[in-house]
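J.: Take a look at this one; I'll ask things after.
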Amino acid sequence: MYRCEQSTGIPPMIGITQRLIEAPNYHEIREGLGCEWGEFLGERAFWPLSYAVPFARYAPRLKAVILSGGNDLSSITPNALNQKRDRYEKEIISHCLKTQIPLLGVCRGAQCIAEFFGATITESKGHSPNPHQLLWLADQNTYEVNSYHHYAITALKEPLKPLGLAQDESIEAYRHTSLPIFGMMWHIEREKHHPYPSKAIWENFIQEIHTKEIQAKGIQ
């Protein structure tokens, strides 16, 4: 799982998917990642994943993956860009299930993972672009999170379980019951100050990465 460092001298990185953008004036498709991700990840080594590169080439070099926001799911808006991204990200999800490396879905990424497991996603009202209250189920406290999505997860299926709910009872955050897979509908990378739910999910995600690294070293 972590052969990259031994074979190339490059330590495994966190892979992160990008949004797809059509640039009609230039007759090309572009990939984009918000600068906030670089600011948020700081010194953590990460790799923006290109849809032009087969994921199998990245896989041995990754210790975790983030499915970022942007674009709609193709089941919501069926066009070539959304279909291309869906195919690629579903391959990533399958890889993470097989290898059990940590996976975090943010906004669209959370929708993609949830849909992979059979969740229901419907059009939402009052979510974007205004911050709203999130009920964190673990402590029954409410926290304010940002919101940029027009579609919400309204029902989950096992093995995903909800961690936080919006005021309309749509699912704002979840995790897999036995694997290091997490989803959040707000943009953690855009936050100036991180509320407890953001810290809890991110710290769990990072801890799972560290655990896998320790396990991998024990195998070598």
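The values are calculated or read from the model by the stated rules, or taken from the named source; none is laboratory data. Quick caveat, the model's predicted, so the values are computed rather than measured. All Cβ positions, even for glycine, are placed from backbone atoms using ideal geometry, and neighbour counts span all protein chains on display. These area figures cover heavy atoms from the full protein model, side chains too; ligands, DNA and RNA do not enter into them. Shrake-Rupley method; radii C 1.70, N 1.55, O 1.52, S 1.80 Å.
J.: Please list, ordered by first then second residue, the pairs with beta carbon atoms under 7 Å, 6 or more apart or interchain, first in segment 95-113 and within 14 Å of Leu62 (Cβ to Cβ), second modelled with pLDDT of 95 or more and acidic (Asp, Glu).
T.: Short answer, once both residue conditions are applied: Pro102/Glu208.
J.: Filter segment 171-193 for residues that are assigned to a loop (DSSP other than H, G, I, E, B) and buried (at least 21 other Cβ atoms within 10 Å of the Cβ) and give the result. If you could, list the steps in order and put the result at the bottom.
T.: Keep residues of segment 171-193 that are assigned to a loop (DSSP other than H, G, I, E, B), which gives 177-180, 185-187, 191-193.
Met185, Trp186, His187 - these are the residues of segment 171-193 that are assigned to a loop (DSSP other than H, G, I, E, B) and buried (at least 21 other Cβ atoms within 10 Å of the Cβ).
J.: Just to be sure before I move on: is Ser128 modelled with pLDDT of 95 or more, open to solvent by 20 Å² or more (accessible area, probe 1.4 Å) and not in a helix (DSSP H, G or I) in the structure I sent? Walk me through how you get there before you give the answer.
T.: Working: modelled with pLDDT of 95 or more: no; open to solvent by 20 Å² or more (accessible area, probe 1.4 Å): yes; not in a helix (DSSP H, G or I): yes.
Taking the combined requirement at face value, the residue does not satisfy it.
J.: Answer yes or no as to whether Glu203 is out of contact with any Cys (no Cβ under 7 Å at 6 or more places or on another chain) and surrounded by 15 or more Cβ atoms within 10 Å (Cβ to Cβ).
T.: Details: out of contact with any Cys (no Cβ under 7 Å at 6 or more places or on another chain): yes; surrounded by 15 or more Cβ atoms within 10 Å (Cβ to Cβ): no.
Taking the combined requirement at face value, the residue does not satisfy it.
J.: Which members of segment 163-190 meet the condition of being free of Cβ contacts under 8 Å to residues at least 60 places away in the same chain and more than 14 Å from the chain's Cα centre (by Cα)?
T.: Result: Leu163, Gly164, Leu165, Ala166, Gln167, Asp168, Glu169, Ser170, Ile171, Thr177, Ser178.
J.: Here's a follow-up. For segment 148-170, which positions are assigned to a loop (DSSP other than H, G, I, E, B) and over 25 Å from Leu41 (Cβ atoms)? Talk me through it step by step, then tell me what you get.
T.: Residues of segment 148-170 assigned to a loop (DSSP other than H, G, I, E, B): 148-150, 156-159, 167-170.
Listed by number, the residues that qualify are His150, Leu156, Lys157, Glu158, Pro159, Gln167, Asp168, Glu169, Ser170.
J.: Here is a follow-up. State which residue pairs qualify: first residue within 19 Å of Pro197 (Cβ to Cβ) and of a type in the set (Asp, Glu) and inside segment 138-160, second residue part of a loop (DSSP other than H, G, I, E, B) and open to solvent by 60 Å² or more (accessible area, probe 1.4 Å) in any location, beta carbons under 8 Å apart, and separation of 6 or more residues or different chains.
T.: Note: pairs meeting the criteria are Glu144/Pro131.
J.: Further, regarding this structure: Scan segment 137-153 for residues that are surrounded by 14 or more Cβ atoms within 10 Å (Cβ to Cβ) and under 18 Å from the mean Cα position of the chain (by Cα) and report the count.
T.: Counting residues in segment 137-153 that are surrounded by 14 or more Cβ atoms within 10 Å (Cβ to Cβ) and under 18 Å from the mean Cα position of the chain (by Cα) gives 8.
J.: Looking only at helices (runs of 4 or more DSSP H) that fall completely inside segment 28-124, which ones have 3 or more residues that are among the small types (Gly, Ala, Ser) and either touching a Leu at 6+ places or on another chain (Cβ under 8 Å) or loosely packed, with under 14 Cβ neighbours inside 10 Å (or both)?
T.: On the way: elements: 35-41, 55-58, 80-99, 108-116.
Passing ranges, in order: 108-116.
J.: Residues to consider are Ala110, Ala155, Ala166, Ala119; find the one that is in contact with a Ser or Thr (Cβ under 7 Å, 6 or more places away or on another chain), among the small types (Gly, Ala, Ser) and either modelled with pLDDT of 95 or more or farther than 19 Å from Ile206 by Cα (or both). First the steps, then the outcome.
T.: Working: Ala110 fails: in contact with a Ser or Thr (Cβ under 7 Å, 6 or more places away or on another chain); Ala166 fails: in contact with a Ser or Thr (Cβ under 7 Å, 6 or more places away or on another chain); Ala119 fails: in contact with a Ser or Thr (Cβ under 7 Å, 6 or more places away or on another chain).
Result of the check over Ala110, Ala155, Ala166, Ala119: Ala155.
J.: What pairs can you find where one residue is in segment 69-86 and more than 23 Å from Trp37 (Cβ to Cβ) and among the polar types (S, T, N, Q), the other is open to solvent by 60 Å² or more (accessible area, probe 1.4 Å) and assigned to a loop (DSSP other than H, G, I, E, B), and their Cβ atoms are less than 7 Å apart, with a gap of 6+ or different chains?
T.: Close Cβ pairs (under 7 Å, with a partner that is open to solvent by 60 Å² or more (accessible area, probe 1.4 Å) and assigned to a loop (DSSP other than H, G, I, E, B)) do not exist here.
J.: Go through (1) assigned to a strand (DSSP E or B); (2) among the hydrophobic types (A, V, I, L, M, F, W, C); (3) within 17 Å of the chain's Cα centre (by Cα); (4) farther than 19 Å from Leu20 by Cβ and name the single condition Leu134 misses.
T.: Going through (1) assigned to a strand (DSSP E or B); (2) among the hydrophobic types (A, V, I, L, M, F, W, C); (3) within 17 Å of the chain's Cα centre (by Cα); (4) farther than 19 Å from Leu20 by Cβ one by one, Leu134 breaks only (3).
J.: Still on this model: Name, by its number, the condition in (1) more than 20 Å from Pro180 (Cα to Cα); (2) among the small types (Gly, Ala, Ser); (3) at pLDDT below 95 that does not hold for Ala56.
T.: Status for Ala56: all satisfied but (3).
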